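Encoded as structure tokens, the structure appears first; notes follow it.
The values are calculated or read from the model by the stated rules, or taken from the named source; none is laboratory data. This one's a predicted model, so the numbers in the text were calculated from it and none came from an experiment. With ideal geometry, Cβ positions are generated from the backbone for all residues, glycine too; neighbour counts draw on all protein chains shown. Accessible surface areas use protein heavy atoms only, side chains included; no ligands, DNA or RNA. Shrake-Rupley method; radii C 1.70, N 1.55, O 1.52, S 1.80 Å.
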Amino acid sequence: MTEVKEDMSLLKRLEEARKVGHQKDKKLTPRRAATKEPDNPLTKLKTKVYDKIVEEIDAELLKEPDEELKQRLLSEQVEDFIIEISSEEHISYTRAEHDRLLDELIHEILGLGPIEPLLKDPSVTEVMVNSYKRVYVERKGRLELTNVTFKDDQHVLHIIEKIVSPIGRRIDESSPYVDARLRDGSRVNAIIPPLAIDGPSLTIRKFFKEKLQVDDLIRFGSMTREMADFVSACVRARLNIIVSGGTGSGKTTTLNVLSSFIPTDERIVTVEDAAELQLHQDHVVRLETRPPNIEGKGAVTIRDLVRNCLRMRPDRIIVGEVRSGEALDMLQAMNTGHDGSLTTVHANSPRDTLSRISTMVLMAGMELPMVAIREQIASAIDLIIQQSRLQDGSRKITHISEVQGMEGDVITLQDIFIFEQKGIGEGGKVIGEMHPTGIRPKFYHKFTERGIELPAETFLYHR
């Protein structure tokens, strides 16, 4: 239904973009007048072809459900327009320029303009539009400046509108930033002036189209086979697990893999700001927050959804990320029979994770003594998996730590597995070793109770 709605409104958006562009060319602001690039024949040709597309494109063609057929037919029609207008205007160009112009126009109509090739590039994991003329990507954990540019700030705004409109989100002066997602599940954040000083900014975090399996993380070097067997046993034994880490450290990817260990006969309810989890099971109910409307009303928060999902008879609750008062509701759910819950937290170490959760519980507005909060945390959370992005761009699980309980008013932690960095090798590659600490977790008996066999050798460290 969403795709049909998007196709129906495509011509309207193209027409609006053209009008805005013409108005802008007639009356440039001082800032834009200073940065406007002189027209060249190919730019003139592209503008005229774009105008002709808006006026003459077959609306029925844009509703074609077969994406490959739609793109082929559209390419043929746009190519005819290019040949026709270039002949009328006596504009010559090379075959390479012709192909590039055709691709740019198709990307503008069906995709996200200049950044569409970056989104299709499997080596790119993140696309960052800092301004209309500076676009960066992340490849293999490293940032690169690309040669991709937009025409101007208005062009970036047009692409942002193409992203947020079909999913019912908005971005304007009253709501100058937004979280959204693409149809493939990639996560999007956009922010515009006056908050973004140098013009509209867009960040897109891509996700693998294929669902990653635990073997993929082992192959990437994110974890070892022993670690994978251990966390698999923890999920099947219904332990409550927190995945913590910094921005871009791979928390969501690890959460997706952990969720794959949940038995298929269990009912899973997920709660997210922007739905991006890629669960492997069929019995899944996905809940997503809603921002306020133009009057500032109607918002539905993570906390609202966590409370609601408790009434949905979940076997497992998965919260994409806790960052505020919903931490209290999550802890209470974990402590009242909803074991086996999974979530992520932004934190730099397992100890920081406990501090962050304590702070977030206070944000719920409940005047609880800190000792009581720590007791809730210690009894609710069984395991913390710490994910980090290292200086060479690699993403690794650096700690798997058991929350053992309370000693006085302090929560005690015990590392079960760690990543020990030993130096920097050729090309800046981090050299290190993942290994068990030699300590068997206190909750090991839960594996036995559920008939899960895990060899004692899993926890032995052989130097």
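With θ set to phi - 60°, apply the Karplus curve 6.51 cos²θ - 1.76 cosθ + 1.60 along the stretch 123-131 and write out the HN-Hα couplings as whole Hz, x wherever there is a Gly or Pro.
7, 8, 9, 8, 10, 10, 9, 6, 7
Please give the charge dipole size of the chain, origin at the Cα centre, charges +1 on K and R Cβ atoms and -1 on D and E Cβ atoms. Round to the nearest 20 debye. It would help to have the intermediate numbers written out before the result.
Numbers: 65 positive and 75 negative charges, 230 e Å.
With Lys and Arg at +1 and Asp and Glu at -1, about 1100 debye.
Say the dipole of the chain comes from +1 at the beta carbon of Lys and Arg and -1 at that of Asp and Glu; which of I242, A378, I317 then lies farthest toward its positive end?
Result: A378, furthest along the dipole toward the positive end.
With each pseudo-label sitting 7 Å past Cα toward Cβ, what's the I439-D66 distance in nm, one decimal?
Calculated label separation equals 6.2 nm.
Quick check for you: with a 1.4 Å probe and neighbouring chains kept, what is the accessible area per residue of the chain, in Å²?
Spelled out: the 1.4 Å probe surface of the chain, per residue, equals 50 Å².
By how many degrees, between 0 and 90 and to the nearest 10, does the Cα long axis of helix 67-89 differ from the longest principal axis of the chain?
30 degrees
What is the packing order of peptides 452-459, 144-151, 198-205, taking the mean over residues of other C-beta atoms within 10 Å and listing the highest first? It would help to have the intermediate numbers written out before the result.
Numbers: 452-459: 12.5, 144-151: 15.1, 198-205: 20.5.
Highest-to-lowest ranking by the protection proxy: 198-205, 144-151, 452-459.
Would you calculate, for the chain, the mean residue ellipticity at 222 nm contributed by helices, counting each DSSP H stretch of 4 or more residues as -39,500 (n - 2.57) and dividing by all residues, to the nearest 500?
Computed mean residue ellipticity for the chain: -12000 deg cm²/dmol.
Residue separation times 0.36 nm, minus the C-alpha to C-alpha distance between S75 and K297: what's the value?
So the chain would gain 75.6 nm between S75 and K297.
What pairs from K48/K151; K140/K396; K206/K297; K44/K120 go past 19 Å between their alpha carbons? Each step should come with its number before you reach the end.
Numbers: K48/K151 15 Å; K140/K396 13 Å; K206/K297 31 Å; K44/K120 27 Å.
Flagged as over cut-off: K206/K297; K44/K120.
Explain nothing, just compute: Karplus ³J(HN,Hα) = 6.51 cos²θ - 1.76 cosθ + 1.60, θ = phi - 60°, for every residue of the stretch 437-454 in order, whole Hz, x for Gly and Pro.
8, x, 10, 8, x, 5, 7, 4, 4, 5, 5, 4, 4, 9, x, 9, 9, 9
If you average the sequence gap of Cα pairs under 8 Å that are 6 or more apart and divide by the length of the chain, what percent do you get for the contact order? If you can, show how the numbers build up before the last one.
On the way: 750 pairs, mean separation 47.3, N = 463.
Here the relative contact order equals 10 percent.
Out of residues 5 or more away from R181 or on other chains, whose amide H comes under 5 Å of its own, with H placed 1.01 Å from N in the peptide plane?
Close amide H contacts, sequence-distant or interchain: V188.
Let me check something: with ligands and nucleic acids excluded, how do M366, M223 order by accessible area (1.4 Å probe), largest to smallest?
M366, M223
With a 1.4 Å probe and every protein chain kept in, tell me what percent of the accessible surface of the stretch 280-424 is carbon plus sulfur. All intermediate terms of the calculation are to be shown ahead of the outcome.
Details: 3110 of 6610 Å².
The nonpolar share, carbon plus sulfur, comes to 47 percent.
Extension gain D315-L368, at 0.36 nm per residue separation less the Cα-Cα distance, in nm?
Gain on extension, D315 to L368, equals 16.2 nm.
Contour minus end-to-end for D352 and T336, with contour as 0.36 nm per residue of separation and end-to-end as the Cα-Cα distance?
Roughly 3.3 nm would be gained on extension.
For the stretch 101-115, just list the computed ³J(HN,Hα) in residue order, Karplus coefficients 6.51, -1.76 and 1.60, θ = phi - 60°, integers in Hz, with x standing in for Gly and Pro.
4, 4, 4, 4, 5, 5, 4, 5, 7, 9, x, 10, x, x, 8
Find out how many positive minus negative residues lie around P291, taking Lys and Arg as positive, Asp and Glu as negative, among other residues whose Cβ is under 14 Å from that of P291.
So the environment of P291 carries a net charge of -2.
State the answer as a single residue: which of S131, L119, I197 lies farthest towards the positive end of the charge dipole of the stretch 84-212, with beta carbon charges of +1 for Lys and Arg and -1 for Asp and Glu, about the Cα centre.
It is L119.
On a C-alpha basis, how far is the centre of the stretch 303-329 from the centre of the stretch 92-106 in Å? Whole number, if you could?
Taking the Cα centre of the stretch 92-106 as reference, the centre of the stretch 303-329 is 50 Å away.
Can you give the accessible area of K70, probe radius 1.4 Å, in Å² rounded to 10?
10 Å²
Given a Förster distance of 51 Å, report the FRET efficiency between R323 and I91 from their Cβ-Cβ distance, rounded to the nearest 0.05.
So the FRET efficiency works out to roughly 0.45.
Using alpha carbons only, how many angstrom separate the centre of the stretch 379-455 from the centre of the stretch 201-222?
21 Å
Could you give the size of the charge dipole of the stretch 335-457 about its Cα centre, using +1 on the Cβ of each K and R and -1 on the Cβ of each D and E, expressed in debye and rounded to the nearest 20?
280 debye
Of T252, T47, V148, which is farthest on the positive side of the dipole of the chain, counting Cα position, with +1 on Lys and Arg Cβ, -1 on Asp and Glu Cβ, and the Cα centre as origin?
T252
Pull up all non-local amide H partners of V430: gap of 5 or more, or a different chain, and H-to-H distance under 5 Å with H placed in the peptide plane.
So V430 has HN proximity to D392, G425.
Using Cα atoms only, what is the angle between the long axis of helix 370-380 and the major principal axis of the chain, expressed in degrees (0 to 90) to the nearest 10?
Rounded to the nearest ten degrees, it is 90.
Which value in nm describes the separation of the simple spin-label points at E173 and T203, placed 7 Å from the Cα toward the beta carbon?
That separation, rounded to one decimal, is 2.6 nm.
How large is the charge dipole for the stretch 178-235, taken about the Cα centre, if only the Cβ atoms of Lys, Arg (+1) and Asp, Glu (-1) carry charge, to the nearest 20 debye?
For the stretch 178-235, the charge dipole is close to 200 debye.
For the stretch 188-229, list residues with backbone N below 20 Å from a point placed 7 Å from the Cα of H280 toward its Cβ?
207-229, by backbone N distance to the label point.
Against the longest principal axis of the chain, how steep is helix 153-164, in degrees 0 to 90 to the nearest 10, with axes from Cα atoms?
The angle comes out near 50 degrees.
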